[in-house]
Amino acid sequence: MPKHRLTTPGPTQVPEQALLAMARQVTHHRTPEFRCLLAEVLADLKHVFVTENDVLLLTCSGTGAMEAAVVNLVPHGGKAIVLSSGKFSERWAEICEKFGIRPVRYEVPWGQPFEPGRVEQLLRQHPDAVAVFSTLMETSTGVGHDIKGIGQVVGRSDALLVVDGISGVGATECRTDAWGIDVLVVGAQKALMTPPGLALLAVSPAAWQQIESIDRPAFYFDLPAYRKALRGPNTPYTPAIPLVAALAESLRSIRSEGIEQVWARASLLSRATRAGIEALGLELFAARPADGMTAVRFPEGIDGKALLGRLQQRFGVKLAGGQGPVAGKIFRIAQMGLCDELDVISTLSAIELVLVEMGQPAKLGAGVTAASRVLAQTGGELCPHPGASDEAAAELRR
Ligand SMILES: *Cc1c(COP(=O)(O)O)cnc(C)c1O
């Protein structure tokens, strides 16, 4: 069996403990055992999201939770401001249009970040906008948006702030309550290291007030049903029970490390990757790169599809290509979840080798050297191996 090195910004590799948890016999969800497991998961999610708000667990992919946020908050015929700069942020506008909601788009070119000042202007021009839909990490471009800054301007208006943190949460800093995020949407299959099929929502008291005040064209996604079930805690309908068991394991590992430490590691790995990419003479795509992933332009004159295919065939390294207008123009590497320092080094090394094999002028070792320099500066304290014992990790941090 060849090694598979899944290094895409979702889905991501799953820890062995989480895989093993799914191999156990299915339990029933209306039992004290399941309620206990769900209670632990919800408490750990509050730690990861840095929130005291209600956290809801939905059995669907991330997009399902995006749809739930839209249909529960904004009535048919209502208005919403949508910050759009890539495939995923544009999805907010597409969902709005499907449900007869008028999106006011603030569009910036792919690869660029949103400016909080422009959001403030739009809020002043559209005081009737119910919500601002935005994105923490735009996975299609690698941009990390300034949600803290956007939260400050939205907080001074009557609108609610909704953030797609599907890929970003658990990799890049995100403080739900401190930043004024009313609805945070998260997917389990990205930085939370769980197989695809679960999504999470954190809902503020102000958002609940809005939800309760409108007609919601939803049944499966009608959020008050999920809120009611929290008393168990339980879910209103049958959840993907084995996935909840897997998520519990992945969250235990994040919790034991602490979310701040997890952010710090993703940041370090991303800085090392960016240094390596630039040392290879390649260009970063994002003007404000997110911690947790790196988007890179293919060099001029190279067949990007062939490069990604060769990385997979030669080394089992699976990277993501570009989507929509940047298909064939960029590729994307993850630095989230189980990714560690040697994943950064080995991915850069594989890229160097393949570039040289394809006749590109890359200097062998240049990317690896630059990345190693960044990693060496920390003396290892940020990167105890996630499998290291607690004592060994504490020793390394000392
Ligand atoms: C992956 C992703 C989505 C879509 O999630 P699915 O689980 O594929 O539905 C939406 N937004 C962002 C930012 C993503 O990274």
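Could you let me know the centre-to-centre spacing of the stretch 328-356 and the stretch 228-285, using Cα atoms, in angstrom?
The distance from the Cα centre of the stretch 328-356 to that of the stretch 228-285 comes to 18 Å.
What full-extension length gain, to one decimal in nm, is calculated for ILE214 and GLN125 as 0.36 nm per residue of separation minus the Cα-Cα distance? Provide the component values of the computation, followed by the final result.
Details: separation 89, 0.36 × 89 = 32.04 nm, distance 2.34 nm.
Result for the pair: 29.7 nm of gain on full extension.
Between LEU161 and residues 5 or more places away or on another chain, which pairs have amide H atoms under 5 Å apart, with H built 1.01 Å from N, and which residues are they?
VAL132, ASP182, VAL183
Got a sec? How would TRP110, TRP263 order by Cβ neighbour count within 10 Å, fewest to most? Walk me through the numbers on the way to the answer.
On the way: TRP110 26, TRP263 18.
Arranged by neighbour count, lowest to highest, TRP110, TRP263 become TRP263, TRP110.
Please state the charge dipole magnitude for the chain, taken about the Cα centre, from unit charges on C-beta atoms (+1 on K and R, -1 on D and E), reported in debye and rounded to the nearest 20. Present the calculation step by step, with values, prior to reporting the outcome.
Values: 39 positive and 41 negative charges, 110 e Å.
With only Lys, Arg, Asp and Glu charged at Cβ, the dipole is about 520 debye.
Give me the distance in nm between label points sitting 7 Å out from Cα along the Cα-to-Cβ direction at SER256 and LEU353, one decimal.
The two pseudo-label positions are separated by 3.3 nm.
Please list, by residue number, everything in the stretch 328-344 whose backbone N is under 16 Å from a paramagnetic label point 7 Å out along Cα→Cβ of ASP303.
Under 16 Å, as judged by backbone N against the label point of ASP303, lie 328-329 of the stretch 328-344.
Could you pull out which residues in the stretch 333-355 have an amide N less than 12 Å from a spot 7 Å beyond the Cα of THR369, following the Cα-Cβ vector?
Inside the label zone: nothing.
Return the lysines within reach of LYS87: Cα separation strictly under 27 angstrom, same-chain partners fewer than 8 residues apart disregarded; answer none if there are no such residues.
Output for LYS87: LYS79, LYS98, LYS148, LYS190, LYS305, LYS318, LYS329.
Residues with amide H under 5 Å of ILE330's amide H, sequence separation 5 or more or different chain, H placed in the peptide plane at 1.01 Å from N; which?
PHE298, GLY322
Any idea which of GLY281, ALA43, SER134 is furthest toward the positive side of the dipole for the chain, if Lys and Arg beta-carbons carry +1 and Asp and Glu beta-carbons -1?
Looking along the dipole axis, the top candidate is GLY281.
Among ASP303, ASP146, ASP291, which comes first, second and so on when ranked by fewest other beta-carbon atoms within 10 Å? Write down the numbers at each step before the final one.
Numbers: ASP303 12, ASP146 18, ASP291 22.
Taking fewest neighbouring Cβ atoms as first place, the list is ASP303, ASP146, ASP291.
Determine the sum of side-chain charges near ILE351: Lys and Arg each +1, Asp and Glu each -1, restricted to other residues whose C-beta is under 14 angstrom from that of ILE351. Don't skip to the answer; put the middle values down first.
Numbers: positive: ARG5, ARG274, ARG297, ARG310, ARG314, LYS318, ARG332, LYS363; negative: GLU278, GLU283, ASP343, GLU352, GLU357.
Once positives and negatives cancel, what remains is +3.
How would LYS228, LYS148 line up from fewest to most surrounding beta-carbon atoms within 10 angstrom?
Fewest-to-most ranking of LYS228, LYS148: LYS228, LYS148.
Roughly how big is the stretch 195-334's charge dipole about its Cα centre, with Cβ charges of +1 (Lys, Arg) and -1 (Asp, Glu), in debye to the nearest 20?
Numbers: 17 positive and 11 negative charges, 52 e Å.
Value, rounded to 20: 240 debye.
Evaluated at 10 °C with a viscosity of 1.306 mPa s, what Stokes-Einstein diffusion coefficient in µm²/s does the stretch 128-233 have when Rh comes from the Kirkwood expression over alpha-carbon pairs?
Details: Rh = 14.7 Å.
Value of D from the Cα-based Kirkwood radius: 108 µm²/s.
On average over all directions, what projected area in square nanometres does the chain have, based on the convex hull of its Cα atoms?
On the way: hull surface 78.5 nm².
Average of the hull's projected areas for the chain equals 19.6 nm².
We did not get these values from a lab; they are worked out from the coordinates using the rules stated. If you're wondering where the values come from, they're calculated on a predicted model, not measured in any experiment. Please note: Cβ atoms are built from the backbone with ideal geometry, for glycine as well, and neighbour counts cover all protein chains shown.
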